[in-house]
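The values are calculated or read from the model by the stated rules, or taken from the named source; none is laboratory data. As the structure is a prediction and not an experimental result, all values here were calculated from the model. Neighbour counts run over all protein chains shown; Cβ positions are idealised from the backbone, glycine included. Surface areas here come from the heavy atoms of the whole protein model, side chains and all, with no ligands, DNA or RNA. Shrake-Rupley method; radii C 1.70, N 1.55, O 1.52, S 1.80 Å.
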Amino acid sequence: MADYGIKISKSGVDVKTAGDDDLIFTTKYSMLKIAKVGTFSYLFTSEPGVGCVTLGTVAHGFDYVPSFDCFFGIDPTPTVWRRIPVRTIIGADTSVHSAYCNDINIVFRFCRNAQTVPFWNGLTVNYKYYIFADPGS
Amino acid sequence: MGDWGLKVSQQGYDVKTCADKEMLLHSSFKHLKIYMEGSFTGKTAGQTVATHNLGYAPIFCVLAWNSSQSRLLPTIDEDYLNYECPRISSANLIQSSSGNIRTAGYYYIFQEQLNQNYSPVSIQPTTTSQGTQVADYGMKSSKDTYDVKTAAVKNLIMTSGRKAASEQAKLHIIHSITTGTYPTGSDPWPITITHNLGYIPMVWWFLKEGEYGDSRWALITSHGIVSAPTIDSTKTEINFDFEPLPGNYACVIFKDPTS
């Protein structure tokens with residue numbers, strides 16, 4: 001279709017002649033659409049060993065692999081978050097909190113390369129996730 | 001012009017009084033518009049992933065593709081190694097020139113400029129409560145050639161909601177973009193950007209790393225020379241693991257909360 005849609009320009013700019021950079025919104029371009037927002041929490045009830053484990057999964061409801069974003073925080077009510085993947089280095093131990101999406105779930109992962117310094121037992125880790133309706137593949 | 005524009009609230013919020021973070025679309029704010037997107041495979045060091053030719057470095061993000069999984073990039077992977085990510089210039093999205101590389105993935109290049117300051121616009125900072133959610137409301141616009149009445153959400157330009165209240169669609173609203181240079185020296189860190197939103201927002205940090213003599217921008221997390229940036233209810237900070245060469249940063253703060 002040659003001509004359709006909505007566009008809104010910045011204040012003071014003529015919407016009929018504005019360049020794309022001067023448009024607040026235009027249906028010419030799609031937008032990332034956050035379809036699902038949630039938090040996944042996991043309590044370490046023992047010190048995790050060396051290797052990788054899946055801490056949990058959440059179904060996203062799409063029949064394709066969606067794009068997503070995810071942030072990580074420690075403690076039941078985090079006051080500080082970091083965008084994943086997050087690497088934690090304590091002494092000789094490197095831990096990685098990460099996540100991925102397949103065509104069913106968002107999957108929350110934890111990996112550790114050594115267990116020389118006890119740290120995670122008793123801690124709650126939290127993943128704040130945003131699933132986009134837009135594809136990730 | 002005193003009063004003009006368009007605003008759409010998230011489902012159940014009063015559009016006349018709700019907080020900025022409860023808006024879906026607001027013509028006083030900057031939104032992320034997808035300029036181009038696509039998948040790539042077999043892209044090795046230094047190869048061009050996509051050409052945008054915008055004439056400036058735009059905001060972008062990349063998901064790595066591994067078997068049937070998509071992962072956020074840049075990343076350290078489960079083997080604890082740094083994985084290099086495509087970086088963006090004023091013309092191209094280009095694979096890193098060295099290091100471990102994910103050769104396949106999916107990218108989004110947005111229309112908004114990355115390395116240009118954007119001052120925050122705050123209209124209503126006070127959180128309100130979500131009222132009754134109705135089954136069908138709002139506005140939506142489909143991509144060209146799709147019937148807006150039947151199109152899947154991924155084939156919509158935007159939508160103010162879906163019929164299932166628990167799966168409401170929302171858009172990224174940019175709160176601010178702050179750019180600057182980080183100097184070399186004994187202790188130039190952390191770089192702190194104050195937002196004072198009173199809640200913890202989504203934040204993307206980009207670096208043009210002098211460390212690698214790179215003229216291109218990377219979206220960073222725990223990676224290479226930096227620790228994962230922290231975000232709290234008043235500020236976001238980035239720290240370096242060791243003294244870097246001079247480079248540039250751009251911090252994009254969204255109004256969307258992480259908590």
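Could you tell me whether A:Pro118 is more than 10 Å from chain B (Cβ to nearest Cβ), assigned to a loop (DSSP other than H, G, I, E, B) and under 28 Å from B:Ile173 (Cα atoms)? Lay out the reasoning, then the answer.
Values: more than 10 Å from chain B (Cβ to nearest Cβ): yes; assigned to a loop (DSSP other than H, G, I, E, B): yes; under 28 Å from B:Ile173 (Cα atoms): no.
Spelling it out, it is not the case that A:Pro118 is more than 10 Å from chain B (Cβ to nearest Cβ), assigned to a loop (DSSP other than H, G, I, E, B) and under 28 Å from B:Ile173 (Cα atoms).
Can you pull out every residue in the stretch B:32-47 that is of a type in the set (D, E, K, R) and open to solvent by 50 Å² or more (accessible area, probe 1.4 Å)?
Selection gives B:Glu37, B:Lys43.
Considering only residues that are under 30 Å from B:Leu156 (Cβ atoms) and either in a strand (DSSP E or B) or not aliphatic (A, V, I, L, M) (or both), which ones fall in the stretch A:86-115?
Of everything in the stretch A:86-115, those that are under 30 Å from B:Leu156 (Cβ atoms) and either in a strand (DSSP E or B) or not aliphatic (A, V, I, L, M) (or both) turn out to be A:Ser98, A:Ala99, A:Tyr100, A:Cys101, A:Asn102, A:Asp103, A:Asn105, A:Ile106, A:Val107, A:Phe108.
Could you tell me whether any residue of the stretch B:244-251 is surrounded by fewer than 23 Cβ atoms within 10 Å (Cβ to Cβ), part of a strand (DSSP E or B) and modelled with pLDDT under 85?
yes
Can you name every residue in the stretch B:55-84 that is modelled with pLDDT of 75 or more and open to solvent by less than 40 Å² (accessible area, probe 1.4 Å)?
Once the filter is applied, which keeps residues that are modelled with pLDDT of 75 or more and open to solvent by less than 40 Å² (accessible area, probe 1.4 Å), the stretch B:55-84 yields B:Tyr56, B:Ala57, B:Pro58, B:Ile59, B:Phe60, B:Cys61, B:Val62, B:Leu63, B:Ala64.
Name the residues in the stretch B:10-55 that are without any contact (Cβ under 8 Å) to a residue 40 or more places away in the chain and of a type outside the set (D, E, K, R), would you?
Once the filter is applied, which keeps residues that are without any contact (Cβ under 8 Å) to a residue 40 or more places away in the chain and of a type outside the set (D, E, K, R), the stretch B:10-55 yields B:Val15, B:Ser27, B:Asn53, B:Gly55.
Hey, can you tell me all the residues within the stretch A:16-57 that are out of contact with any Phe, Trp or Tyr (no Cβ under 6 Å at 6 or more places or on another chain), over 19 Å from B:Ile174 (Cβ atoms), surrounded by 14 or more Cβ atoms within 10 Å (Cβ to Cβ) and more than 10 Å from every other protein chain (Cβ to nearest Cβ)?
A:Ser41, A:Tyr42, A:Thr57
Quick one: which of A:Gly49, A:Gly91 is over 13 Å from the mean Cα position of the chain (by Cα) and at pLDDT below 90?
Step by step, each of A:Gly49, A:Gly91 is checked, and only A:Gly91 is over 13 Å from the mean Cα position of the chain (by Cα) and at pLDDT below 90.
Quickly run through the stretch A:121-137 and pick out the residues that are assigned to a loop (DSSP other than H, G, I, E, B) and within 13 Å of the chain's Cα centre (by Cα).
Keep residues of the stretch A:121-137 that are assigned to a loop (DSSP other than H, G, I, E, B), which gives A:121-123, A:136-137.
Matches in the stretch A:121-137: A:Gly136 only.
Select from the stretch A:82-104 the residues that are open to solvent by less than 10 Å² (accessible area, probe 1.4 Å) and of a type outside the set (Gly, Ala, Ser) and write down the one among them that is farthest from A:Ile131 (Cα to Cα).
A:Asp93
If a residue has to be open to solvent by 30 Å² or more (accessible area, probe 1.4 Å) and either more than 15 Å from B:Ile231 (Cβ to Cβ) or within 11 Å of chain B (Cβ to nearest Cβ) (or both) to count, how many in the stretch A:63-81 make the cut?
So the answer is 6.
Looking at this structure, is A:Phe132 in contact with a Leu (Cβ under 6 Å, 6 or more places away or on another chain) and either at pLDDT 85 or above or under 19 Å from B:Val62 (Cα atoms) (or both)? Break it down into steps so the answer makes sense when it comes.
Numbers: in contact with a Leu (Cβ under 6 Å, 6 or more places away or on another chain): yes; either at pLDDT 85 or above or under 19 Å from B:Val62 (Cα atoms) (or both): yes.
Yes, satisfied.
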